[in-house]
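I'd like to ask some things about the structure below.
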Amino acid sequence: MATPFFHDFTEAAALDEFNLVELARRMSAFEPGPEELRLSYPTAPTALGRPRTSALDRLAAKRSSQREFGVRPIPGGRFSALLGAARAWDGPGHRTHPAAGGRYAVELFAVCWAVEGWSGRILYYDPVDHGVVALPDPAPTWADTYPQLGLTVDGTPGCLLVAVVFPERVTAKYGELGGRFVLLEAGAVMQSLSLAAAAQGLRGVVAGGLQERSWLRTLGLDQTSARLAFGYLAGT
Ligand SMILES: Cc1cc2nc3c(=O)[nH]c(=O)nc-3n(C[C@H](O)[C@H](O)[C@H](O)COP(=O)(O)O)c2cc1C
């Protein structure tokens, strides 16, 4: 194996039905200390001038994690724009997010419950053609999926976007350092999706507690080198 340390790390960090209980116990036992989540120096920060408000500022102010979903399906145009946050603009390169060596290790799938034209389907998002391929098996129902997500939401989201990574696209070039790069890229995609959801007036929240093996099976990727990165619930 070319990158044994990254392999061991991803194995140790994968969530499954066995380590889930221990994680839940740990999370509920966690008590935040008094520390502020910023660095502190003897001198107070010097105030910066008021910046001119940019389109990015307006989006950033709009973005927040939303866990209540309405009954309206995600309209097709907004769904297209949401996935389009990860699209390639000129051939396979030039995407919203940077990727180490232009090796683009992140792939997106959409498990659809209420999406105009696609409800009940699992879709692979092709970022180069900005199109979707429907997988042969139907999407698992929301009722079956919800208890396994490890988060609380109200209502039914329109879809769960599942981001997976193919680490060897990057580790083949960068070795163990590439493992770090792959996760950084996934984080950049997460942010693009979050901002695109805000721009489209969609609600959304990252679902960090997906069980890896089970989702890779659902996506037909269990016999590949794919690893789960994150889920993103989106809806109206
Ligand atoms: C990697 C990651 C995993 C997350 N997983 C969850 C999750 O499983 N459940 C949840 O309700 N929120 C999850 N969140 C959302 C955070 O709780 C949220 O971003 C944080 O509380 C800050 O709030 P804001 O997004 O509204 O600014 C996750 C966020 C990140 C970045």
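What follows draws every value from the coordinates through simple rules; no lab data is involved. All of these numbers come straight from a predicted model, not from anything done at the bench. Virtual Cβ from ideal backbone geometry, glycine too; neighbours counted across all protein chains shown.
Karplus couplings for the stretch 222-236 from phi (6.51 cos²θ - 1.76 cosθ + 1.60, θ = phi - 60°), rounded to Hz, Gly and Pro as x?
5, 9, 10, 8, 4, 10, 6, 9, 6, x, 9, 7, 9, x, 9
Shifting gears a bit: Per DSSP H run of n ≥ 4, the term is -39500 (n - 2.57); total these for the chain, divide by its residue number, and report the mean residue ellipticity at 222 nm rounded to 500 deg cm²/dmol.
Details: 8 runs with 78 residues, N = 236.
Helix-only estimate at 222 nm: -9500 deg cm²/dmol.
In square nanometres and to one decimal, what's the mean projected area of the convex hull around the Cα atoms of the stretch 107-236?
Here the figure is 8.2 nm², rounded to one decimal.
Which translational diffusion coefficient, to the nearest whole µm²/s, is obtained for the chain from the Stokes-Einstein equation, given a Kirkwood hydrodynamic radius over C-alpha pairs, 25 °C and 0.890 mPa s?
Values: Rh = 19.3 Å.
Result for D is 127 µm²/s.
Treating only the Cβ of Lys, Arg, Asp and Glu as charged (+1, +1, -1, -1), what charge dipole size does the stretch 74-130 show about its Cα centre? Round to the nearest 20 debye.
Here the stretch 74-130 has a charge dipole of around 120 debye.
Taking every pair of Cα atoms in the stretch 164-205, average 1/r, invert it to obtain the Kirkwood radius, and report Rg/Rh to two decimals.
1.18
If you don't mind, another one. Working from the alpha-carbon coordinates of the stretch 160-236, get Rg over Rh, Rh being the Kirkwood radius.
Over the Cα atoms of the stretch 160-236, Rg/Rh equals 1.02.
Among H7, L183, S225, which residue has its Cα positioned farthest towards the positive end of the charge dipole of the chain, with +1 placed on the Cβ of Lys and Arg, -1 on the Cβ of Asp and Glu, and the dipole taken about the Cα centre?
L183
Right, something else. Taking the Cα-to-Cβ direction at E176 and at E31 and moving 7 Å from each Cα, how far apart do the two end points lie in nm?
Spacing of the two 7 Å Cα→Cβ label points: 3.7 nm.
Moving on to the next point. Sort R72, R38, R95 so the one with the fewest other Cβ atoms within 10 Å of its own Cβ comes first.
Going from least to most buried by this count: R38, R72, R95.
While we're here: Which FRET efficiency value, to the nearest 0.05, do you get for H130 and S40 by plugging their Cβ-Cβ distance into 1/(1 + (r/R0)^6) with R0 = 41 Å?
The calculated FRET efficiency here is 0.35.
Let me ask something else about it. Quick one: putting +1 on the C-beta of Lys and Arg, -1 on the C-beta of Asp and Glu, what dipole do you get for the stretch 27-78 around its Cα centre, in Debye to the nearest 20?
Dipole size: approximately 540 debye.
What does the charge dipole of the stretch 83-236 about its Cα centre add up to, to the nearest 20 debye, if the Cβ of each Lys and Arg holds +1 and the Cβ of each Asp and Glu holds -1?
That gives a dipole near 280 debye.
Considering Cα pairs under 8 angstrom that are at least six residues apart, work out the relative contact order of the stretch 104-157 and quote it in whole percent.
Value for the stretch 104-157: 28 percent.
Which ³J(HN,Hα) values in Hz, rounded to whole numbers, follow from the phi angles of the stretch 91-99 under the Karplus curve 6.51 cos²θ - 1.76 cosθ + 1.60, where θ = phi - 60° and Gly and Pro get x?
Taking θ as phi minus 60°, the curve returns x, x, x, 6, 10, 5, 9, x, 9 Hz for the stretch 91-99.
Arrange H94, H130 by Cβ neighbour counts within 10 Å, fewest through most, would you?
H94, H130
Another question about this same structure. Using alpha carbons only, what's the Rg to Rh ratio of the stretch 127-177 with Rh from Kirkwood?
Value, to two decimals: 1.11.
Debye sum, Cα scatterers, the stretch 105-145, no solvent: what log₁₀ I/I(0) at q = 0.16, 0.28, 0.31 1/Å?
Log10 of I(q)/I(0), two decimals: -0.40, -0.98, -1.09.
Okay, moving on. Relative to the compact-globule scaling 2.2 N^0.38 Å, provide the ratio for the alpha-carbon radius of gyration of the stretch 21-95.
In units of the globular-protein estimate, the stretch 21-95 measures up at 1.82.
Oh, and also: Treat the count of other C-beta atoms within 10 Å as a stand-in for reagent exposure and order T224, T10 from fewest to most.
T224, T10
Still on this structure: Whole-Hz Karplus ³J(HN,Hα) for the stretch 116-122, in order, using 6.51 cos²θ - 1.76 cosθ + 1.60 and θ = phi - 60°, x for Gly and Pro?
In residue order, the calculated couplings are 3, x, 10, 4, x, 10, 10 Hz.
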